[in-house]
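Computed from the coordinates by the stated procedures, all read-outs in this text should not be read as laboratory data. Quick caveat, the model's predicted, so the values are computed rather than measured. Here the Cβ positions follow ideal geometry from the backbone for every residue, glycine too, while neighbour counts run over all protein chains shown.
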Amino acid sequence: MAAEVKPGSMSKTAPPVNSTPFLRVDDIYLRFGGLNALSGVSFDVQQGHIQAIIGPNGAGKTCILNCICRFYQPYRGTIYFQGVDLSKVATHRVAALGIARSFQNIELFKGMTVMDNIKLGHHVHMHSGFLSGGIYLGRAKSEEMRVRKEIEERIIDLLEIEAIRKKVVGTLPYGLQKRVELARALAMKPKLLLLDEPMAGMNLEETEDMARFILDVNQEWGVTVVLIEHDMGVVMDISDNVVVLDFGTKIAQDTPLEVSKNNHVIEAYLGSDAAAHSKLGL
Amino acid sequence: MPCGLFFSKYEKDDAIFKTVWLKCWMTVLVVLLLTFPLFSQKFSEMLGLNVTNLLNLIFVYIIGAHGLNLLTGYTGQISLGHGAFMGVGAYTTGILANAGWPFWLALPAGGVMTAAVGMLFGIPSLRLRGLYLAIATMAAQFILDYAMRNWTSLTGGSSGLIVPSASLFGFTFDSDQSFYYLALAFAIMATMYLKNLARTRTGRAFVAVRDRYLSAEVIGVNLFKYRLMSFGISSFMVGIAGGLWAYYITIISDEHFTMWLSVQYLAMIIVGGLGHVLGGIFGAVFFVVLPELLRLPAEAATAVYPNIFGIFASLREMVFGLIVIMFLIFEPDGLAARWHTVRNYWKLWPFSY
């Protein structure tokens, strides 16, 4: 594996070559007490791809995202992002490396406006401190204005949330909150975007909107996306590559088409007839 | 926002006072505040109160309440030590003033000292939240209280410490009227500081730490740094309030800075409105003015029934407590929220559809 490289210098020298993968999850083991949540999961994510992670409930999909953004510390294995060993990075420094995420259960700051939530996503790219910010003249003010302009014209325009940008987040319906969470993640100017079930609980129209946003971000901004999703239609349509997890182990990784034909995957999802019936509670 | 108001520049939208009317009203308020000492005498006689004195106290409390509001309202960390922190500021400023330091140096030094003490007691905030942090900061209150009372060589103990009046550029602020301007200036500065801080990067990070600290960490907010910074800034402000208090009262003793003051600060921002800049102002006004207003009928009644003064005096405390409880029940978001409701109502009046 490549030696540790500073994140800034890597962007110049990192074409999407297979030898230095964009994100490498290398033999991860994660345990909660006696429960093995992840046992020996490895996969690479290529730059510019939309990488889907699928699997039945409790397979360990969210655990992987939590390991990547350093909420969990795996007891074995390493995760490299552009050659940087993430286990040596403090949780709050992960954002500065260019990793952003959204959560399965919305984790927005509910008492703040949409605008403030998105501005918070910009936190690591801003510089004003408690003195310059409190006085609010010169640099701090021009920085606020610059960020405001950037957010309004890049993110709010892209996600079509102009009408709600001054609303308090807690008052918004679920579908819009999901969109605001994506907006906040985009404000972090990520290189890697981790999305944990962005379409969960959405109707068809909202799901299609969200899929379009993800494709836009991926293709126009060049952001690599790791996507956990249960909506197989979406996964098959937009992802370049799919990792399938079951009981904390990787059972397949391939293109969407190949994965859908894979016997292990069909068994994990549907099982034998009897297992399928018991899972569905019939 | 009032309807029919459109902006073509982000700067315009960002202004605190967005309409001409608001600017006019603010100008009127500032002019009234600046000219107030001219007619304060008459006003005081009319009410039978020393109004300038009350306003000075309000201004000092506003600074302290803003400080605690930053910590509790914005960052979501309860402190029951702010009474003692105010004492640290008062004693530091007082001792330095007695050592011959000028006002403009002794006051900030008191603030910095308080910030250091506050940050020291704020270190447990990395691990403790909510009630647990309240208890930890209460320990700070008791330790500092004990030190103030018993370190007599430094603080003069319960006999008090005499502090000279503030003087700046050869002018001495030794009367209610002159101190009024000093306190007003500092209260306005503290308010502007809090307002601006709340709408920039640091203030947003504070609110993020309050609302969802895990999520805050994901977007790159260093939790420990911001928790500690919040304690520092908050203690600095309350230390400045303490220093001003020392210069105003000119004799300080440990009795001012007990647990009661800490609780009072907390009650101020809860009644005023947690996490609102107006909250500290409303809370300070409420807690200074209401006891005085309640004193008036109590005294009037005592004139008629002189023998039962004690009952009326204690009745006053009970009414005060009752009003605070009523506020918590009927307006838990504080006076600031009520203010916004009223304002929004009038914006649309009489066509409230």
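Please build a GNM for chain A, connecting alpha carbons under 10 Å apart, and tell me which residue among A:226, A:124, A:114 fluctuates the most. Among A:226, A:124, A:114, the largest mean-square fluctuation in the Gaussian network model of chain A belongs to A:124.
Relative to the compact-globule estimate of 2.2 N^0.38 Å, the Cα radius of gyration of the range B:51-348 comes out at 1.02.
Reducing the range A:34-92 and the range A:154-224 to their Cα centroids gives an inter-centroid distance of 23 Å. Per-residue shielding of B:219-231, expressed as the average number of other chain Cβ atoms within 10 Å of the residue Cβ, stands at 4.
I'd like the antiparallel share, as a percent to the nearest 5, of DSSP beta bridges with both residues in chain A. Expressed as a percentage, antiparallel bridges in chain A total about 55.
Estimated purely from DSSP H runs of n ≥ 4, each contributing -39500 (n - 2.57), the mean residue ellipticity at 222 nm for chain B is -24500 deg cm²/dmol once divided by its residues.
Using the Cβ-Cβ distance between residue B:331 and residue B:143 with R0 set to 51 Å, the FRET efficiency works out to roughly 0.90. Computed from label points 7 Å out along Cα-Cβ, the spacing between residue A:73 and residue B:31 is 6.4 nm. Think of chain B as having a plus end and a minus end, set by charges on the Cβ of Lys, Arg, Asp and Glu; of B:214, B:159, B:17, B:214 sits farthest toward the positive end of this dipole.
For the pair the range B:252-291 and the range B:207-229, the centres of their Cα atoms are 27 angstrom apart. Cα centroids of the range A:101-142 and the range B:117-179: 33 Å apart. Neighbouring Cβ atoms within 10 Å as the yardstick, rank A:132, A:260, B:230 fewest first. Ascending number of Cβ neighbours within 10 Å: A:260, A:132, B:230.
What's the FRET efficiency of residue B:175 with residue B:99 using the Cβ-Cβ distance as r and R₀ = 41 Å, to the nearest 0.05? E between residue B:175 and residue B:99, to the nearest 0.05, is 0.95.
Summary value for chain B: 28 percent relative contact order, contacts being C-alpha pairs under 8 angstrom separated by 6+ residues. Inter-chain Cβ neighbour count for B:191-201, averaged per residue, equals 6 (cutoff 10 Å, partner chain atoms only). The tail of the calculated P(r) for the protein assembly as shown, taken as Cα-Cα distances beyond 40 Å, holds 41 percent of the pairs. When restricted to Cα atoms, chain A yields an Rg and a Dmax of 19.8, 70 Å, respectively. For chain A, the mean residue ellipticity at 222 nm estimated from helices alone is -10500 deg cm²/dmol, where every DSSP H run of n ≥ 4 contributes -39500 (n - 2.57) and the total is divided by all residues, rounded to the nearest 500.
Working note: Karplus 6.51/-1.76/1.60 with θ = phi - 60° gives the range A:176-192 the couplings 5, 4, 4, 5, 5, 5, 4, 4, 5, 5, 5, 5, 6, 6, x, 8, 10 Hz, where Gly and Pro are set to x.
When chain B is treated as a GNM with alpha-carbon contacts under 10 Å, the residue of B:164, B:37, B:297 showing the greatest mean-square fluctuation is B:297. Considering only A:21, A:74, A:173, the Gaussian network model of chain A with Cα springs below 10 Å gives its largest mean-square fluctuation to A:173.
Note on the protein assembly as shown: antiparallel DSSP beta bridges, both residues inside, total approximately 60 percent of the bridges counted. In terms of distances greater than 30 angstrom between alpha carbons, the cross-link table entries A:191/A:250; A:88/A:141; A:166/B:23; A:110/B:12; A:178/A:261; A:119/B:347 yield A:88/A:141; A:178/A:261. Distance between the modelled labels on residue B:123 and residue A:57, one decimal in nanometres: 4.6 nm (7 Å Cα→Cβ projection). When the P(r) of the range A:112-188 is calculated, the portion above 14 Å amounts to 60% of the C-alpha pairs.
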